[in-house]
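Some notes on the structure that comes next.
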Amino acid sequence: MLMKASLSGTDVKTGSIALHNLQKRYGSATAVDDVSLSISPGEFISLLGPSGSGKTTTLMMIAGFEMPDSGRVLLDDKEITRLPAHRRELGVIFQNYALFPHMTVAENVAYPLRMRRVAKAEREARVHRVLDQVHLGALASRYPHQMSGGQQQRVAIARALAFDPPVLLLDEPLGALDKKLRQHLRNEIKTLHKQVGKTMIYVTHDQEEALAMSDRVAVMHEGRIRQVSAPQDIYRRPADLFVAGFVGEVNLIPVSIRSGVVQGPAGDKLPAAQWPDADRDATLCVRPEHLRIETAAAGTSAGIQGRIVDMTFVGDATILEFQSESGLRLTSKVLNISAKAMPDVGDACLASWAANDATILTQ
Ligand SMILES: Nc1ncnc2c1ncn2[C@@H]1O[C@H](COP(=O)(O)OP(=O)(O)O)[C@@H](O)[C@H]1O
Ligand SMILES: [Mg+2]
(Lines give C-alpha, C1' and ligand atoms only; values in the text may rest on other atoms or scores of the structure.)
(Ligands and ions follow the chains in the order given, each with its own letter.)
Protein backbone atom coordinates (compact mmCIF):
# COMPACT_ATOMS: atom_id res chain seq x y z
CA MET A 1 0.00 0.00 0.00
CA LEU A 2 2.70 2.40 1.02
CA MET A 3 4.77 1.63 -2.04
CA LYS A 4 1.79 2.24 -4.30
CA ALA A 5 0.97 5.52 -2.64
CA SER A 6 4.51 6.82 -3.01
CA LEU A 7 5.09 5.37 -6.49
CA SER A 8 1.98 7.02 -7.86
CA GLY A 9 3.20 10.30 -6.48
CA THR A 10 0.35 11.04 -4.10
CA ASP A 11 1.60 13.29 -1.38
CA VAL A 12 0.29 11.36 1.59
CA LYS A 13 2.50 12.04 4.59
CA THR A 14 3.65 8.58 5.64
CA GLY A 15 6.33 7.27 7.89
CA SER A 16 5.04 7.54 11.45
CA ILE A 17 6.31 4.85 13.81
CA ALA A 18 4.85 4.04 17.21
CA LEU A 19 6.42 1.66 19.71
CA HIS A 20 4.24 0.46 22.56
CA ASN A 21 5.87 -1.19 25.60
CA LEU A 22 8.42 -3.19 23.61
CA GLN A 23 10.11 -5.93 25.58
CA LYS A 24 12.87 -8.26 24.40
CA ARG A 25 14.81 -10.79 26.49
CA TYR A 26 17.73 -13.00 25.54
CA GLY A 27 17.79 -15.80 28.10
CA SER A 28 17.68 -14.13 31.48
CA ALA A 29 18.97 -10.76 30.19
CA THR A 30 16.54 -8.03 29.22
CA ALA A 31 17.86 -6.27 26.09
CA VAL A 32 14.89 -3.91 25.66
CA ASP A 33 12.71 -3.07 28.61
CA ASP A 34 9.29 -1.44 28.17
CA VAL A 35 10.25 0.95 25.36
CA SER A 36 7.51 3.27 24.12
CA LEU A 37 8.12 5.99 21.55
CA SER A 38 6.11 7.93 18.98
CA ILE A 39 7.96 9.14 15.89
CA SER A 40 6.37 11.63 13.50
CA PRO A 41 6.50 11.41 9.69
CA GLY A 42 9.70 13.08 8.46
CA GLU A 43 11.29 13.23 11.88
CA PHE A 44 15.00 12.56 12.41
CA ILE A 45 15.32 10.79 15.74
CA SER A 46 18.44 9.23 17.27
CA LEU A 47 18.64 6.34 19.69
CA LEU A 48 21.69 7.29 21.73
CA GLY A 49 23.29 5.18 24.42
CA PRO A 50 26.38 3.22 25.43
CA SER A 51 27.20 -0.18 23.96
CA GLY A 52 24.70 -2.81 25.11
CA SER A 53 21.94 -0.34 25.98
CA GLY A 54 19.44 -1.94 23.56
CA LYS A 55 19.63 0.44 20.59
CA THR A 56 20.22 -2.17 17.88
CA THR A 57 17.65 -4.56 19.34
CA THR A 58 15.05 -1.76 19.31
CA LEU A 59 15.90 -0.89 15.69
CA MET A 60 15.78 -4.55 14.64
CA MET A 61 12.30 -4.90 16.11
CA ILE A 62 11.20 -1.92 14.00
CA ALA A 63 12.90 -3.47 10.95
CA GLY A 64 11.34 -6.88 11.57
CA PHE A 65 14.62 -8.79 12.01
CA GLU A 66 13.81 -9.39 15.69
CA MET A 67 10.40 -10.10 17.23
CA PRO A 68 9.53 -8.59 20.61
CA ASP A 69 8.44 -10.83 23.48
CA SER A 70 5.68 -8.34 24.10
CA GLY A 71 4.61 -4.91 22.98
CA ARG A 72 3.64 -3.53 19.58
CA VAL A 73 5.17 -1.78 16.57
CA LEU A 74 2.96 0.41 14.38
CA LEU A 75 3.77 1.95 11.00
CA ASP A 76 1.33 4.68 10.00
CA ASP A 77 -1.10 3.42 12.65
CA LYS A 78 -1.07 -0.13 11.25
CA GLU A 79 0.27 -2.92 13.40
CA ILE A 80 3.40 -4.55 11.92
CA THR A 81 4.72 -6.26 15.07
CA ARG A 82 4.74 -9.75 13.52
CA LEU A 83 5.15 -8.79 9.86
CA PRO A 84 8.33 -10.23 8.28
CA ALA A 85 11.05 -7.69 7.46
CA HIS A 86 10.70 -7.95 3.67
CA ARG A 87 7.04 -7.01 3.87
CA ARG A 88 7.63 -3.84 5.92
CA GLU A 89 9.23 -1.85 3.09
CA LEU A 90 11.61 -0.03 5.41
CA GLY A 91 15.11 1.01 4.33
CA VAL A 92 17.88 -0.38 6.55
CA ILE A 93 21.51 0.74 6.62
CA PHE A 94 24.10 -1.04 8.76
CA GLN A 95 27.58 -0.11 9.93
CA ASN A 96 29.22 -2.60 7.57
CA TYR A 97 28.02 -1.53 4.17
CA ALA A 98 26.69 -4.94 3.12
CA LEU A 99 27.05 -4.17 -0.59
CA PHE A 100 27.15 -6.98 -3.15
CA PRO A 101 30.85 -7.14 -4.11
CA HIS A 102 30.26 -8.61 -7.59
CA MET A 103 27.81 -5.87 -8.60
CA THR A 104 28.61 -2.34 -9.73
CA VAL A 105 27.34 0.63 -7.77
CA ALA A 106 24.41 1.05 -10.17
CA GLU A 107 23.55 -2.67 -9.96
CA ASN A 108 23.68 -2.57 -6.18
CA VAL A 109 21.30 0.36 -6.08
CA ALA A 110 19.03 -1.21 -8.71
CA TYR A 111 18.82 -4.49 -6.80
CA PRO A 112 15.87 -3.66 -4.52
CA LEU A 113 14.03 -2.28 -7.55
CA ARG A 114 14.58 -5.51 -9.51
CA MET A 115 13.24 -7.46 -6.54
CA ARG A 116 10.12 -5.32 -6.74
CA ARG A 117 9.89 -5.77 -10.50
CA VAL A 118 10.15 -2.06 -11.27
CA ALA A 119 10.34 -1.61 -15.07
CA LYS A 120 13.76 -0.93 -16.62
CA ALA A 121 13.25 2.71 -17.63
CA GLU A 122 11.83 3.63 -14.23
CA ARG A 123 14.58 1.65 -12.54
CA GLU A 124 17.34 3.47 -14.38
CA ALA A 125 15.79 6.85 -13.71
CA ARG A 126 15.62 6.15 -10.01
CA VAL A 127 19.14 4.76 -9.76
CA HIS A 128 20.34 7.89 -11.51
CA ARG A 129 18.36 10.14 -9.17
CA VAL A 130 19.41 8.57 -5.87
CA LEU A 131 23.06 8.30 -6.93
CA ASP A 132 22.96 12.02 -7.68
CA GLN A 133 21.43 12.64 -4.26
CA VAL A 134 24.44 11.02 -2.59
CA HIS A 135 26.90 12.66 -5.05
CA LEU A 136 27.99 9.40 -6.66
CA GLY A 137 26.56 9.90 -10.14
CA ALA A 138 30.02 9.72 -11.70
CA LEU A 139 30.94 6.42 -10.03
CA ALA A 140 27.94 4.32 -11.10
CA SER A 141 29.98 1.70 -12.94
CA ARG A 142 32.58 1.12 -10.20
CA TYR A 143 32.68 -1.94 -7.97
CA PRO A 144 32.53 -1.60 -4.16
CA HIS A 145 36.20 -2.57 -3.69
CA GLN A 146 37.19 0.38 -5.90
CA MET A 147 35.62 2.83 -3.46
CA SER A 148 36.45 4.30 -0.05
CA GLY A 149 34.49 3.38 3.07
CA GLY A 150 32.62 6.69 2.97
CA GLN A 151 31.66 6.18 -0.68
CA GLN A 152 30.51 2.62 0.00
CA GLN A 153 28.30 3.83 2.80
CA ARG A 154 26.78 6.42 0.47
CA VAL A 155 25.99 3.59 -1.97
CA ALA A 156 24.27 1.74 0.87
CA ILE A 157 22.21 4.84 1.61
CA ALA A 158 21.31 5.24 -2.07
CA ARG A 159 20.28 1.58 -2.23
CA ALA A 160 18.03 2.03 0.80
CA LEU A 161 16.47 5.16 -0.72
CA ALA A 162 15.96 3.66 -4.18
CA PHE A 163 12.67 1.93 -3.48
CA ASP A 164 11.31 5.03 -1.75
CA PRO A 165 10.60 3.59 1.71
CA PRO A 166 8.70 5.82 4.15
CA VAL A 167 11.27 5.22 6.89
CA LEU A 168 15.04 4.77 6.92
CA LEU A 169 16.65 2.83 9.78
CA LEU A 170 20.37 3.49 10.26
CA ASP A 171 22.49 1.50 12.71
CA GLU A 172 25.79 3.30 13.43
CA PRO A 173 26.27 3.90 9.68
CA LEU A 174 29.39 6.03 10.24
CA GLY A 175 30.90 3.76 12.90
CA ALA A 176 33.63 2.35 10.66
CA LEU A 177 34.85 5.70 9.34
CA ASP A 178 37.50 8.05 10.69
CA LYS A 179 36.53 11.23 12.52
CA LYS A 180 36.88 13.77 9.70
CA LEU A 181 34.87 11.63 7.33
CA ARG A 182 32.23 10.98 9.97
CA GLN A 183 31.69 14.70 10.39
CA HIS A 184 31.50 15.24 6.66
CA LEU A 185 29.06 12.39 6.08
CA ARG A 186 26.87 13.32 9.02
CA ASN A 187 26.33 16.71 7.39
CA GLU A 188 25.52 14.98 4.12
CA ILE A 189 22.98 12.70 5.77
CA LYS A 190 21.40 15.71 7.44
CA THR A 191 21.13 17.55 4.12
CA LEU A 192 19.75 14.42 2.50
CA HIS A 193 17.15 14.16 5.24
CA LYS A 194 15.99 17.69 4.46
CA GLN A 195 15.82 16.88 0.74
CA VAL A 196 13.95 13.58 0.89
CA GLY A 197 11.88 14.35 4.00
CA LYS A 198 11.79 10.72 5.12
CA THR A 199 11.53 9.56 8.70
CA MET A 200 15.00 8.57 9.86
CA ILE A 201 15.76 6.52 12.96
CA TYR A 202 19.45 6.72 13.66
CA VAL A 203 21.33 4.55 16.15
CA THR A 204 24.59 5.89 17.57
CA HIS A 205 26.71 5.82 20.71
CA ASP A 206 28.29 9.15 19.69
CA GLN A 207 26.59 11.94 21.60
CA GLU A 208 27.92 14.72 19.39
CA GLU A 209 26.57 12.95 16.31
CA ALA A 210 23.15 12.55 17.92
CA LEU A 211 23.00 16.17 19.07
CA ALA A 212 24.18 17.51 15.72
CA MET A 213 21.84 15.51 13.48
CA SER A 214 18.58 14.98 15.28
CA ASP A 215 15.23 16.66 15.74
CA ARG A 216 14.94 14.57 18.91
CA VAL A 217 17.25 12.28 20.80
CA ALA A 218 16.12 9.24 22.80
CA VAL A 219 18.79 8.38 25.38
CA MET A 220 18.88 4.66 26.22
CA HIS A 221 20.46 2.89 29.16
CA GLU A 222 20.07 -0.76 30.15
CA GLY A 223 17.24 -1.36 27.71
CA ARG A 224 15.19 1.63 28.76
CA ILE A 225 14.62 5.08 27.31
CA ARG A 226 15.71 7.56 29.96
CA GLN A 227 14.78 10.77 28.14
CA VAL A 228 13.38 11.83 24.77
CA SER A 229 13.86 15.50 23.95
CA ALA A 230 15.25 18.00 21.49
CA PRO A 231 19.08 18.06 21.57
CA GLN A 232 19.17 21.40 23.42
CA ASP A 233 16.91 20.06 26.17
CA ILE A 234 18.84 16.80 26.51
CA TYR A 235 21.96 18.87 27.08
CA ARG A 236 20.55 21.76 29.11
CA ARG A 237 17.86 19.91 31.04
CA PRO A 238 18.96 16.31 31.53
CA ALA A 239 16.21 14.26 33.18
CA ASP A 240 18.50 12.19 35.38
CA LEU A 241 22.11 11.62 36.40
CA PHE A 242 22.71 9.04 33.70
CA VAL A 243 21.69 11.44 30.90
CA ALA A 244 23.60 14.32 32.51
CA GLY A 245 26.78 12.25 32.64
CA PHE A 246 26.45 10.50 29.28
CA VAL A 247 25.72 13.56 27.17
CA GLY A 248 28.60 16.01 27.51
CA GLU A 249 30.84 16.84 30.45
CA VAL A 250 29.20 17.78 33.70
CA ASN A 251 30.12 18.89 37.22
CA LEU A 252 28.10 17.06 39.87
CA ILE A 253 27.80 18.86 43.19
CA PRO A 254 26.16 17.15 46.17
CA VAL A 255 23.65 19.57 47.68
CA SER A 256 21.07 19.58 50.42
CA ILE A 257 17.80 21.41 50.18
CA ARG A 258 16.83 22.82 53.54
CA SER A 259 13.94 25.22 54.16
CA GLY A 260 13.85 26.27 50.50
CA VAL A 261 17.58 26.95 50.20
CA VAL A 262 20.03 24.97 48.05
CA GLN A 263 23.16 24.42 50.14
CA GLY A 264 26.54 23.22 48.94
CA PRO A 265 28.91 20.82 50.71
CA ALA A 266 30.14 23.59 53.06
CA GLY A 267 26.62 24.80 53.82
CA ASP A 268 26.93 27.82 51.51
CA LYS A 269 23.98 28.97 49.39
CA LEU A 270 24.28 27.96 45.73
CA PRO A 271 22.67 29.51 42.64
CA ALA A 272 19.72 27.53 41.26
CA ALA A 273 16.43 28.45 39.56
CA GLN A 274 14.30 25.41 40.36
CA TRP A 275 14.43 22.77 43.07
CA PRO A 276 12.08 20.44 44.95
CA ASP A 277 10.04 21.97 47.77
CA ALA A 278 10.68 19.32 50.39
CA ASP A 279 13.93 19.11 52.38
CA ARG A 280 16.16 16.45 50.81
CA ASP A 281 19.59 15.68 49.42
CA ALA A 282 20.13 16.10 45.68
CA THR A 283 22.76 16.65 42.99
CA LEU A 284 23.34 19.96 41.27
CA CYS A 285 24.60 19.65 37.68
CA VAL A 286 26.46 22.45 35.93
CA ARG A 287 28.35 22.22 32.62
CA PRO A 288 32.05 23.24 32.55
CA GLU A 289 31.34 26.07 30.08
CA HIS A 290 28.80 27.50 32.54
CA LEU A 291 31.09 27.34 35.56
CA ARG A 292 32.71 30.73 36.22
CA ILE A 293 35.85 30.89 38.28
CA GLU A 294 36.74 34.33 39.56
CA THR A 295 39.27 35.59 42.03
CA ALA A 296 37.30 35.97 45.23
CA ALA A 297 37.79 39.70 45.69
CA ALA A 298 34.30 40.66 46.80
CA GLY A 299 33.46 37.22 48.15
CA THR A 300 29.82 38.06 48.73
CA SER A 301 28.05 36.36 45.80
CA ALA A 302 26.65 32.83 45.96
CA GLY A 303 29.04 30.04 45.02
CA ILE A 304 31.79 27.78 46.31
CA GLN A 305 35.08 29.03 47.77
CA GLY A 306 38.28 27.24 46.78
CA ARG A 307 41.46 27.36 44.71
CA ILE A 308 42.65 26.70 41.19
CA VAL A 309 44.65 23.48 41.29
CA ASP A 310 45.37 22.96 37.61
CA MET A 311 45.14 24.74 34.29
CA THR A 312 45.40 23.30 30.79
CA PHE A 313 45.54 25.17 27.48
CA VAL A 314 43.75 23.09 24.81
CA GLY A 315 43.76 25.55 21.89
CA ASP A 316 40.27 26.97 21.63
CA ALA A 317 39.78 26.87 25.40
CA THR A 318 41.52 26.73 28.74
CA ILE A 319 40.42 24.08 31.23
CA LEU A 320 40.56 25.20 34.86
CA GLU A 321 40.51 22.62 37.65
CA PHE A 322 39.11 23.98 40.87
CA GLN A 323 39.07 22.45 44.33
CA SER A 324 36.76 23.66 47.08
CA GLU A 325 37.76 23.96 50.72
CA SER A 326 35.79 20.75 51.38
CA GLY A 327 37.75 18.90 48.67
CA LEU A 328 35.17 18.97 45.84
CA ARG A 329 36.79 19.09 42.37
CA LEU A 330 35.10 21.11 39.61
CA THR A 331 36.05 21.79 35.99
CA SER A 332 35.56 25.06 34.17
CA LYS A 333 36.01 25.54 30.43
CA VAL A 334 36.84 29.07 29.34
CA LEU A 335 36.92 29.87 25.63
CA ASN A 336 40.11 31.68 24.62
CA ILE A 337 38.31 34.49 22.84
CA SER A 338 40.01 37.42 24.49
CA ALA A 339 43.37 38.08 26.07
CA LYS A 340 41.58 38.42 29.40
CA ALA A 341 43.88 37.59 32.30
CA MET A 342 43.22 34.12 33.77
CA PRO A 343 43.58 33.36 37.44
CA ASP A 344 46.72 31.42 38.33
CA VAL A 345 47.16 27.99 39.84
CA GLY A 346 47.00 28.44 43.62
CA ASP A 347 44.78 31.54 43.52
CA ALA A 348 41.84 31.67 45.91
CA CYS A 349 38.66 31.77 43.80
CA LEU A 350 34.90 31.63 43.86
CA ALA A 351 33.20 29.09 41.58
CA SER A 352 29.73 30.21 40.55
CA TRP A 353 27.19 30.02 37.73
CA ALA A 354 23.97 31.62 36.58
CA ALA A 355 20.98 30.17 38.43
CA ASN A 356 19.42 29.15 35.10
CA ASP A 357 22.43 27.07 34.12
CA ALA A 358 22.05 24.68 37.07
CA THR A 359 19.88 21.56 37.01
CA ILE A 360 18.97 19.90 40.28
CA LEU A 361 18.43 16.15 40.06
CA THR A 362 17.06 13.86 42.70
CA GLN A 363 17.75 10.53 40.95
N1 LIG B 1 21.25 -12.18 19.63
C2 LIG B 1 21.53 -11.92 20.92
N3 LIG B 1 21.68 -12.92 21.82
C4 LIG B 1 21.93 -12.66 23.12
N5 LIG B 1 22.06 -11.43 23.64
C6 LIG B 1 21.93 -10.39 22.80
C7 LIG B 1 21.65 -10.56 21.39
N8 LIG B 1 21.57 -9.35 20.82
C9 LIG B 1 21.78 -8.45 21.81
N10 LIG B 1 21.99 -9.07 22.99
C11 LIG B 1 22.23 -8.41 24.29
O12 LIG B 1 21.21 -7.43 24.47
C13 LIG B 1 21.74 -6.23 25.01
C14 LIG B 1 21.45 -5.08 24.08
O15 LIG B 1 22.17 -5.27 22.89
P16 LIG B 1 22.09 -4.27 21.66
O17 LIG B 1 20.68 -3.98 21.34
O18 LIG B 1 22.92 -4.84 20.57
O19 LIG B 1 22.78 -2.96 22.27
P20 LIG B 1 23.43 -1.69 21.54
O21 LIG B 1 23.03 -1.71 20.12
O22 LIG B 1 22.88 -0.53 22.31
O23 LIG B 1 24.90 -1.83 21.74
C24 LIG B 1 23.21 -6.49 25.23
O25 LIG B 1 23.39 -6.88 26.56
C26 LIG B 1 23.52 -7.63 24.28
O27 LIG B 1 24.60 -8.39 24.76
MG1 LIG C 1 24.31 -1.74 18.39
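From the residues in region 164-182 that are surrounded by 15 or more Cβ atoms within 10 Å (Cβ to Cβ) and out of contact with any Gly (no Cβ under 8 Å at 6 or more places or on another chain), which one is modelled with the lowest pLDDT?
Filtering first and then ranking leaves 175.
Looking at region 34-50, which of its residues are touching a Lys or Arg at 6+ places or on another chain (Cβ under 8 Å) and near ligand 1 (Cβ under 10 Å from one of its atoms)?
Within region 34-50, 47, 48, 49 qualify.
Considering only region 51-79, state which residues are within 12 Å of ligand 1 (Cβ to nearest atom) and acidic (Asp, Glu).
Within region 51-79, 66 is the sole residue that qualifies.
Determine which single condition residue 87 fails, assuming it passes every other condition in (1) within 16 Å of ligand 2 (Cβ to nearest atom); (2) over 18 Å from the mean Cα position of the chain (by Cα); (3) within 24 Å of residue 166 (Cβ to Cβ).
(1)
Does region 141-163 contain any residue that is more than 16 Å from ligand 1 (Cβ to nearest atom), among the hydroxyl-bearing types (Ser, Thr, Tyr), over 21 Å from residue 106 (Cβ atoms) and at pLDDT 95 or above?
Scanning region 141-163 turns up no residue that is more than 16 Å from ligand 1 (Cβ to nearest atom), among the hydroxyl-bearing types (Ser, Thr, Tyr), over 21 Å from residue 106 (Cβ atoms) and at pLDDT 95 or above.
Report, by residue number, each residue of region 160-173 that is away from ligand 2 (no atom under 13 Å from the Cβ) and closer than 20 Å to residue 43 by Cβ.
First pass over region 160-173, keeping only residues away from ligand 2 (no atom under 13 Å from the Cβ): 160-168.
Within region 160-173, 160, 161, 164, 165, 166, 167, 168 meet the criteria.
Restricting to region 32-54, and then to whatever is among the hydroxyl-bearing types (Ser, Thr, Tyr) and not in a loop (DSSP other than H, G, I, E, B), can you tell me which residue is surrounded by the most Cβ atoms within 10 Å (Cβ to Cβ)?
46
Just to be sure I understand the filter: pairs with C-beta atoms under 8 Å, separated by 6 or more residues or on different chains, first member in region 331-357 and part of a loop (DSSP other than H, G, I, E, B), second member among the polar types (S, T, N, Q). Which pairs pass?
Note: pairs meeting the criteria are 336/318; 342/318; 343/295; 347/295.
What about residue 196, is it at pLDDT 95 or above and either assigned by TED's automatic domain parsing to the domain that holds residue 14 or within 18 Å of residue 38 (Cβ to Cβ) (or both)?
no
Collect the residues in region 30-70 that are within 11 Å of ligand 2 (Cβ to nearest atom), within 22 Å of residue 211 (Cβ to Cβ) and in contact with a strand residue (DSSP E or B) (Cβ under 9 Å, 6 or more places away or on another chain), keeping them in residue-number order.
Result: 47, 49, 50, 52, 53, 54, 55, 56, 58, 59.
The values are calculated or read from the model by the stated rules, or taken from the named source; none is laboratory data. On a predicted model such as this, the values are computed, not experimentally measured, just so you know. All Cβ positions, glycine included, derive from the backbone under ideal geometry; neighbour counts span all protein chains shown.
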